[in-house]
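Let me begin by presenting the structure, written as structure tokens, before commenting on it.
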Amino acid sequence: MTHQTVGHPARPGLPDDPRANVIEPTPSCPVEITLAALHGRWTTLVIREFLKGDHTFTELRHALPELSDKVLSDRLAHLTGTGVLDRRRQPGWPPRVHYTLTSHGRRLGPVLQALWDWGAQHQPPSSTETR
């Protein structure tokens, strides 16, 4: 929101931030950072499972049985690397790794809800209307 003395209120979706005044996408853009964190098929479903609670790799495999081990490993590494997940190795045999959402990752809950709400209200044109 802009300061009252400026004379015009901020418009939704148009942040009052100098980073928004660019002519091409930049890695420092908050929207690009968010989209990069959510990048990849299955990522939103993996995050959804973590919004329900902490998980091990095996628990996630059971929660998302159609997701391949390779893609799950990739998504966990990606989300850990972006600071969305925290990875903790438990001592003992066999070794177990627990993943949990970071406070930063938990803030994606409302983002996913907003995406859901927009998509639920959006009715794409039928294939016959686009011809």
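Details
- Neighbour-limited loop hits for trypsin sites (Lys or Arg not before Pro), region 6-87 (at most 14 other Cβ within 10 Å; DSSP other than H, G, I, E, B): R41
- q = 0.14, 0.16, 0.23 Å⁻¹: log10 I(q)/I(0) that the Debye formula gives for region 26-113, counting C-alpha atoms only: -0.47, -0.61, -1.19
- Residues considered: L79, L60, L101. Largest GNM mean-square fluctuation over the chain, using C-alpha springs under 10 Å, is found at L60.
- As a rough footprinting exposure proxy, the listed residues F57, F50 were ranked by other beta carbons within 10 Å of their own, and the order from fewest upward is F57, F50.
- Residue-averaged [θ]222 nm for the chain, counting only DSSP H segments that reach four residues, each worth -39500 (n - 2.57): -12000 deg cm²/dmol
- Length-normalised contact order for the chain - Cα pairs under 8 Å, 6+ apart - percent: 17
- Fluctuation leader among S103, S73, S28 - the chain, Gaussian network, Cα springs under 10 angstrom: S28
- Comparing T26, T44, T34 in a Gaussian network model of the chain (Cα springs below 10 Å), the most mobile by mean-square fluctuation is T26.
- By the count of neighbouring beta-carbon atoms within 10 Å, fewest first, W116, W93, W42 end up ordered W93, W116, W42.
- Look at the dipole of the chain built from charges on Cβ: of L35, H62, L115, the Cα furthest out on the positive end belongs to H62.
Every number here is computed from the coordinates shown, using simple stated rules; none is lab data. Since we're looking at a predicted model, the values are computed, not measured. When we count neighbours, we look across all protein chains shown, and the Cβ atoms used for this are built from the backbone with ideal geometry, even at glycine.
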